[in-house]
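Notes for the one structure printed next.
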Amino acid sequence: MTPATRQEVLGLYRKILQIAKNWQSASGQIEETMREKEYIRNEARTLFRKNKNVTDPKVIKQCIEECEARIEIGLHYNIPYPRPIHLPPMGLAHKQGRTLRHQEKLRKISKPIYLKSHDEVS
């Protein structure tokens, strides 16, 4: 990892911790705010530790893009949790001889960038 990339990653981590520190839940309830703050810190900690040994520049770039997307979406909707995708169970595959494996491949391709690591950790 180049020093510039390292600084960018550390800057994102600091930004997430700052967001968690200043987070206010949409409902305004103290218990929910505390739960969401803890979720933000734990999610960041888990994902950053999981990816700490990544050395491929393309994978690092994807992780940075995912992080930035999740930050923007979380701040925009005031929801710290990843927004799910809404696809009908068999909505992507044609019903004429397509296998379930092909359906899963299409579902994986259609997954937004901000959910790439969510299923792997959860």
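The values are calculated or read from the model by the stated rules, or taken from the named source; none is laboratory data. All values reported here derive from a predicted model rather than from experimental measurement. With ideal geometry, Cβ positions are generated from the backbone for all residues, glycine too; neighbour counts draw on all protein chains shown. The accessibility values were calculated without ligands, DNA or RNA, using every heavy atom of the protein model including side chains. Shrake-Rupley method; radii C 1.70, N 1.55, O 1.52, S 1.80 Å.
Observations
- Matching residues, segment 3-57, being in contact with a Pro (Cβ under 6 Å, 6 or more places away or on another chain) and open to solvent by 70 Å² or more (accessible area, probe 1.4 Å): none
- Per-region count, segment 1-54, residues small (Gly, Ala, Ser) and part of a helix (DSSP H, G or I): 4
- Residue check for Pro84: at pLDDT below 90, loosely packed, with under 13 Cβ neighbours inside 10 Å, under 15 Å from the mean Cα position of the chain (by Cα) and not small (Gly, Ala, Ser): yes
- Yes/no for Glu66 being loosely packed, with under 12 Cβ neighbours inside 10 Å and within 11 Å of the chain's Cα centre (by Cα): no
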